[in-house]
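See structure below.
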Amino acid sequence: MYKKKRGIHINKALKGEQVLTFFLLGILCSFQTQAQSAHKLLRNGNKLYNEKKYSDAEASYKKALIKDSTSGIGLFNLGNTLYSEKRYKEAAQRYNQSLQDEKTSKKEVAATNYNIGNTFMKGKKWENAIAAYKKALIANPEDDQARYNLAYAKTKLREQQNKNKNKNKNQQNKNKNKNKKNQNKDQQNKKNKQNKDQKNKDQEKQKKDQKKNKQQQNKQNQKKPNQQHQKQQPQQRKMSKKRAKQLLKAAAQHEKKVRDKKGEKKKAKKAYNGKQW
């Protein structure tokens, strides 16, 4: 675990300057009174902070900053209060504002950047934390805690990078498997479609063949009686000659019989008519 934030900086006493004119002295006295009032509020805020009454300490520090808005110590202490309330983003803003105070010493700059690094550690912003700890070490190269936290942040950054790398790799493999699965699915769908199309073609061909066969069969059925008739015609013509002879002969015999009967009747009539009783 990284080292926690620095402690509270007790406000320094503000020095007045001697002036020759009463007017300037009056103004200086006014500023000094205001500074003393801000100093009192800062001390009260420190007391409340040490008692872990962070809300009350925050209110006292903010009142002090109303009287002296550029106080680096007031901004730094307010940042510590916000940090203790786990309002890390707001704390970082106050720390950065405190660095604008020209009276801030290198030691205070180091402590401020150290705490800024800690706010980034809370948000797992390792690269920002590393940058802040480096600034702390530039201001105070003997700061072992900043050096320790810098190494810790670098370790966490490598872990995050490896994790992201593995995550990306797993995502790539997942996407690859998904693409492969989709490819196989597309190929299977294509194959199924081809099989279905081929089946439809075969069925269509079968229907056409059946229709064609049926038409040919109907055509053959229509031609068959004519063919039979054509085949029978020579037999009928051949039989008609023989039959004709038979019929002629039979007709001649019949005529003869008829003539014979007529002759017999005629004779009988004459014989009957000629006889007298």
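The values are calculated or read from the model by the stated rules, or taken from the named source; none is laboratory data. The shown structure was predicted, so the numbers you read here are calculated from the model rather than taken from an experiment. Ideal geometry is used to build each Cβ from the backbone, glycine not excepted, and the neighbour counts take in all protein chains shown.
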Take the residues of segment 131-151 that are in contact with a helix residue (DSSP H, G or I) (Cβ under 8 Å, 6 or more places away or on another chain) and not hydrophobic (A, V, I, L, M, F, W, C): which is surrounded by the most Cβ atoms within 10 Å (Cβ to Cβ)?
133
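Residue by residue, here is whether (1) at pLDDT 95 or above; (2) part of a loop (DSSP other than H, G, I, E, B); (3) touching a strand residue (DSSP E or B) at 6+ places or on another chain (Cβ under 8 Å) holds:
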{"site": "83", "(1), (2), (3)": "yes, no, no"}
{"site": "90", "(1), (2), (3)": "yes, no, no"}
{"site": "101", "(1), (2), (3)": "no, yes, no"}
{"site": "118", "(1), (2), (3)": "yes, no, no"}
{"site": "135", "(1), (2), (3)": "yes, no, no"}
{"site": "141", "(1), (2), (3)": "yes, yes, no"}
{"site": "150", "(1), (2), (3)": "yes, no, no"}
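Please pick out the residue among 184, 221, 195 that is exposed (fewer than 10 other Cβ atoms within 10 Å of the Cβ), in a helix (DSSP H, G or I) and without any contact (Cβ under 8 Å) to a residue 24 or more places away in the chain. Show your work before the answer.
Values: 184 fails: exposed (fewer than 10 other Cβ atoms within 10 Å of the Cβ); 195 fails: exposed (fewer than 10 other Cβ atoms within 10 Å of the Cβ).
After ruling out the rest, the residue left standing is 221.
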Identity of the residue in segment 115-132, touching a residue at least 60 places away in the same chain (Cβ under 8 Å) and under 12 Å from residue 153 (Cα atoms), that ends up nearest to the chain's Cα centre (by Cα)
121
Looking at segment 94-124, which of its residues are among the charged types (D, E, K, R) and either closer than 17 Å to residue 138 by Cα or touching a Gly at 6+ places or on another chain (Cβ under 8 Å) (or both)?
94, 101, 103, 106, 107, 108
Near pairs, Cβ below 8 angstrom, 6+ apart or cross-chain, from segment 65-79 (under 11 Å from residue 100 (Cβ atoms)) to any residue that is buried (at least 24 other Cβ atoms within 10 Å of the Cβ) and of a type in the set (Gly, Ala, Ser)
71/64; 72/98; 75/98
Is segment 234-256 home to any residue that is basic (Lys, Arg) and modelled with pLDDT under 75?
yes
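Does residue 148 satisfy the criteria of being of a type in the set (Ser, Thr, Tyr), in contact (Cβ under 8 Å) with a residue 60 or more places away in the chain and more than 30 Å from residue 68 (Cβ to Cβ)? I'd like the intermediate steps shown before the answer.
Numbers: of a type in the set (Ser, Thr, Tyr): yes; in contact (Cβ under 8 Å) with a residue 60 or more places away in the chain: yes; more than 30 Å from residue 68 (Cβ to Cβ): yes.
Spelling it out, residue 148 is indeed of a type in the set (Ser, Thr, Tyr), in contact (Cβ under 8 Å) with a residue 60 or more places away in the chain and more than 30 Å from residue 68 (Cβ to Cβ).
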